[in-house]
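What follows is a single structure, written as structure tokens, with notes after it.
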Amino acid sequence: MAKQNLLLLPGDGIGTEIMVEVEKLIAHLNSTGQTDFDYDSGLVGGCAYDAHGAAISDADMEKALAADAVIFGAVGGPKWDDVPYEARPEAGLLRLRKDLGLFANLRPAICYPALADASSLKKEIVEGLDILIVRELTGGVYFGEPKEIIDLGDGQKRAIDTQVYDTYEIDRIARVAFELARTRDNRVSSAEKRNVMKSGVLWHEVVTQIHAADYADVKLDHILADNCAMQLVRNPNQFDVIVTDNLFGDILSDAAAMLTGSLGMLPSASLGAQDATTGKRKAMYEPVHGSAPDIAGQGMANPIAMIASFAMALRYSFEMIELADKVEAAIAAVLDDGLRTGDIMQAGGKKVTTAEMGDAIIAKL
Ligand code: IPM
Ligand code: MG
């Protein structure tokens with residue numbers, strides 16, 4: 001087995017605590033001969049700002065570019081509220097996404113049977129939930145230029161963000177969504193706002209063309225993004241794959257995450273284009289939740305989204321499909337046993353710490 005190189009970027013807040021559980025999992029998989037991972041660590045977010053004055057150093061960016069996969073925790077916290085905008089913790093995450101070319105963000109929302117009661121929606125609405133949000137991650141309004149605040153001189157300012165998409169950006173994310181749909185229930189819902197946005201008009205046009213040309217076997221629906229938000233809480237099981245832009249994907253994926261019972265459950269994978277010669281993709285894996293400064297340092301954080309993100313790395317970067325299935329099954333099994341961190345605690349559950357949850361998942365393996 002060839003050695004695989006990982007870069008771990010725990011970040012801030014609970015990021016460091018949940019990453020410890022991934023390190024334990026890697027140690028277990030390596031020592032039992034199931035994997036041969038080598039890993040290095042780096043700083044990102046507020047801790048990188050404290051050490052280097054930037055949300056990620058050039059040296060750590062080099063490491064990220066060289067790694068087979070980056071495993072990312074979470075960034076941010078009130079401590080860094082007043083740092084310059086360019087150096088804010090989130091800037092490190094955005095630079096990683098942009099410089100690694102991670103245009104495709106996969107955010108599965110699966111409702112584990114044991115957690116159907118933990119959702120804020122009725123059990124019968126979320127039971128069996130298995131949807132995949134494919135979010136465009138390197139374009140749109142988060143990156144478009146101009147992006148600035150102009151002083152208009154009369155006590156007024158003007159803030160400008162630019163929503164911009166080129167054909168190729170829509171084309172490649174649509175293809176990822178159609179390809180993934182073929183491995184699932186073969187249905188794609190494309191969400192945009194073509195009724196008010198030119199970028200929505202082009203999005204609709206390009207997705208329609210790609211579908212007709214290469215993916216006519218996949219069932220395609222177009223849905224306005226606001227209606228999609230409403231349908232997600234009305235009847236989420238109607239969806240299989242949702243493909244959408246950076247901004248709408250950010251919002252819709254938080255809503256979808258909560259359907260599953262807790263933000264602490266949702267993993268994600270961010271993938272770049274396939275290298276023409278090696279066939280490999282740059283990739284980063286991160287939980288959808290943030291750094292949760294309010295509970296950081298107390299051993300309370302739920303490590304499941306982090307561990308499930310690592311399982312996505314096994315699946316998408318290393319083609320260790322069986323092992324990824326095993327890790328996901330271990331997560332489901334500890335939930336069936338009633339183990340709960342605070343965020344998913346229910347009557348009759350056994351409350352556990354971050355470390356106990358991690359240990360229990362490894363024990364199931
Ligand atoms: C996410 C987060 C980030 C985003 C923030 C931290 C910049 O909300 O990954 O969804 O908006 O993309
Ligand atoms: Mg978000």
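The values are calculated or read from the model by the stated rules, or taken from the named source; none is laboratory data. Everything quoted here is computed from the prediction, not taken from an experiment. Note that each Cβ is placed from the backbone with ideal geometry, even for glycine, and that neighbours are counted across all protein chains shown. Only protein heavy atoms, including side chains, enter the accessible area calculation; ligands, DNA and RNA are left aside. Shrake-Rupley method; radii C 1.70, N 1.55, O 1.52, S 1.80 Å.
Scanning region 12-33 for residues that are more than 19 Å from MET312 (Cα to Cα) and surrounded by 22 or more Cβ atoms within 10 Å (Cβ to Cβ) returns ASP12, GLY13, ILE14, GLU17. Candidates are the residues of region 260-283 that are farther than 17 Å from VAL134 by Cβ and among the aliphatic types (A, V, I, L, M); the one that is least open to solvent (accessible area, probe 1.4 Å) is MET265. Checked against (1) within 16 Å of ligand 1 (Cβ to nearest atom); (2) free of Cβ contacts under 8 Å to residues at least 40 places away in the same chain; (3) not polar (S, T, N, Q), ALA308 meets all criteria but (2). For LYS79, the criteria (1) assigned to a loop (DSSP other than H, G, I, E, B); (2) open to solvent by 60 Å² or more (accessible area, probe 1.4 Å) hold in every case but one, which is (1).
Among the candidates PRO146, PRO236, the residue that is open to solvent by less than 70 Å² (accessible area, probe 1.4 Å) and within 30 Å of ALA116 (Cα to Cα) is uniquely PRO236. Remark: pairs (first residue in region 206-221, part of a helix (DSSP H, G or I); second residue buried (at least 20 other Cβ atoms within 10 Å of the Cβ) and at pLDDT 95 or above; Cβ separation under 6 Å; 6+ apart in sequence or on different chains) = VAL206/ILE170; VAL207/ALA174; VAL207/SER190; ILE210/ALA174; HIS211/LEU220.
If you scan region 230-266, which residues turn out to be of a type in the set (A, V, I, L, M, F, W, C) and away from ligand 1 (no atom under 15 Å from the Cβ)? Within region 230-266, MET230, LEU232, VAL233, PHE239, VAL241, VAL243, LEU259 qualify.
Answer yes if at least one residue in region 248-257 is open to solvent by 10 Å² or more (accessible area, probe 1.4 Å), modelled with pLDDT of 95 or more and in contact with a Leu (Cβ under 7 Å, 6 or more places away or on another chain), and no otherwise. No. When ALA48, ALA64, ALA55 are checked against the criterion of being touching a residue at least 40 places away in the same chain (Cβ under 8 Å), assigned to a loop (DSSP other than H, G, I, E, B) and of a type outside the set (S, T, N, Q), a single residue qualifies: ALA55.
Scanning region 282-298 for residues that are away from ligand 2 (no atom under 15 Å from the Cβ) and under 16 Å from the mean Cα position of the chain (by Cα) returns LYS282, ALA283, TYR285.
With a requirement of 3 or more residues that are within 16 Å of ligand 2 (Cβ to nearest atom) and within 21 Å of THR260 (Cβ to Cβ), the strands (runs of 3 or more DSSP E) lying completely within region 93-171 that satisfy it span 104-110, 130-136.
Within region 189-204, is even one residue in contact (Cβ under 8 Å) with a residue 12 or more places away in the chain, touching a His at 6+ places or on another chain (Cβ under 7 Å) and open to solvent by 60 Å² or more (accessible area, probe 1.4 Å)? Checked against the condition, which is being in contact (Cβ under 8 Å) with a residue 12 or more places away in the chain, touching a His at 6+ places or on another chain (Cβ under 7 Å) and open to solvent by 60 Å² or more (accessible area, probe 1.4 Å), region 189-204 yields at least one hit.
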